[in-house]
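Engineer: Have a look at this one.
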Amino acid sequence: MDQADLPVVSSTMHPRVTDDKDKRGMVTSVKAMMSAKAGKNSEAEATIQHAIEIGHHTFYNIASAYALMNEPDQAMKWLQATADEGFPNFPLLEGDARLDNLRKDPRFIAFMAQQKQQWEQFGATL
């Protein structure tokens, strides 16, 4: 998504989805990523906290928002939670540009090595 697209996407999402329709927090967590990408870190942080409150299927988007805000400690915490909760998707992690701020972090490098090994084991057993 291009930075120029953010106001258009944000304006179409904002008023239409309420908590009762976003029970798992996915839309809210996407809003957090959009705020982070736009450099609105305090807005992103508040939206992340709200996403956590209303759903647990948001961990990857939360990790991505923290990576976009260049907060590696929080990003790594939520990436690990993503994998622990059953979303160990190595190809997605490997190619997701939203995680680029983490690519040189030794923790991310170790995490990715672990995810790659697990992904290859899954492939060999399926």
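Engineer: Tally time: how many residues in segment 96-113 are surrounded by fewer than 14 Cβ atoms within 10 Å (Cβ to Cβ) and either touching a Lys or Arg at 6+ places or on another chain (Cβ under 9 Å) or more than 14 Å from Ser64 (Cα to Cα) (or both)? Show your work before the answer.
Structural biologist: Here is the first cut: in segment 96-113, the residues surrounded by fewer than 14 Cβ atoms within 10 Å (Cβ to Cβ) are 97, 100, 103-104, 106, 109-110, 113.
Those still in the list that are either touching a Lys or Arg at 6+ places or on another chain (Cβ under 9 Å) or more than 14 Å from Ser64 (Cα to Cα) (or both) too: 104, 106, 109-110, 113.
Qualifying residue count for the region: 5.
Engineer: Now for a different question. Name the residues in segment 80-126 that are of a type in the set (A, V, I, L, M, F, W, C) and in a loop (DSSP other than H, G, I, E, B), would you?
Structural biologist: Within segment 80-126, the first condition is being of a type in the set (A, V, I, L, M, F, W, C), and the residues that meet it are 81, 83, 87, 90, 92-93, 97, 99, 102, 108-113, 119, 122, 124, 126.
Residues satisfying the conditions are Phe87, Leu126.
Engineer: Are any of the residues in segment 30-45 out of contact with any Gly (no Cβ under 6 Å at 6 or more places or on another chain), of a type outside the set (Gly, Ala, Ser) and exposed (fewer than 14 other Cβ atoms within 10 Å of the Cβ)?
Structural biologist: Residues of segment 30-45 that are out of contact with any Gly (no Cβ under 6 Å at 6 or more places or on another chain), as a first pass: 30-45.
Still in the list and also of a type outside the set (Gly, Ala, Ser): 30-31, 33-34, 37, 40-41, 43, 45.
Still in the list and also exposed (fewer than 14 other Cβ atoms within 10 Å of the Cβ): none.
No, there is no match, as no residue in segment 30-45 is out of contact with any Gly (no Cβ under 6 Å at 6 or more places or on another chain), of a type outside the set (Gly, Ala, Ser) and exposed (fewer than 14 other Cβ atoms within 10 Å of the Cβ).
Engineer: Kindly indicate which of Ala51, Ala113, Ala38, Ala124 is touching an Asp or Glu at 6+ places or on another chain (Cβ under 9 Å) and not hydroxyl-bearing (Ser, Thr, Tyr).
Structural biologist: Unique residue meeting the criteria: Ala51.
Engineer: Mind checking which residues of segment 33-79 are β-branched (Val, Ile, Thr), in a helix (DSSP H, G or I) and either under 11 Å from the mean Cα position of the chain (by Cα) or farther than 21 Å from Asp22 by Cα (or both)? Give the derivation first.
Structural biologist: Looking only at segment 33-79, we keep the residues that are β-branched (Val, Ile, Thr), and these are 47-48, 52, 54, 58, 62.
Now restrict to residues that are in a helix (DSSP H, G or I): 47-48, 52, 54, 62.
The answer is Ile48, Ile62.
Engineer: Before we move on, is Gln118 over 16 Å from Gly25 (Cα atoms) and not small (Gly, Ala, Ser)?
Structural biologist: Numbers: over 16 Å from Gly25 (Cα atoms): yes; not small (Gly, Ala, Ser): yes.
Yes; evaluated as a whole, the condition is true for this residue.
Rundown of residues vs (1) touching an Asp or Glu at 6+ places or on another chain (Cβ under 8 Å); (2) crowded, with 19+ Cβ neighbours inside 10 Å, yes/no style:
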{"residue": "Asp73", "(1), (2)": "no, no"}
{"residue": "Met76", "(1), (2)": "yes, yes"}
{"residue": "Ala83", "(1), (2)": "no, yes"}
{"residue": "Glu94", "(1), (2)": "no, no"}
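Engineer: Kindly list the number of the only condition in (1) modelled with pLDDT under 90; (2) under 16 Å from Arg98 (Cβ atoms); (3) more than 11 Å from the chain's Cα centre (by Cα) that fails for Ser29.
Structural biologist: So Ser29 meets the others, but not (3).
The values are calculated or read from the model by the stated rules, or taken from the named source; none is laboratory data. Source: prediction; values computed, not measured. Backbone-built Cβ (ideal geometry, glycine too); neighbour counts: all protein chains shown.
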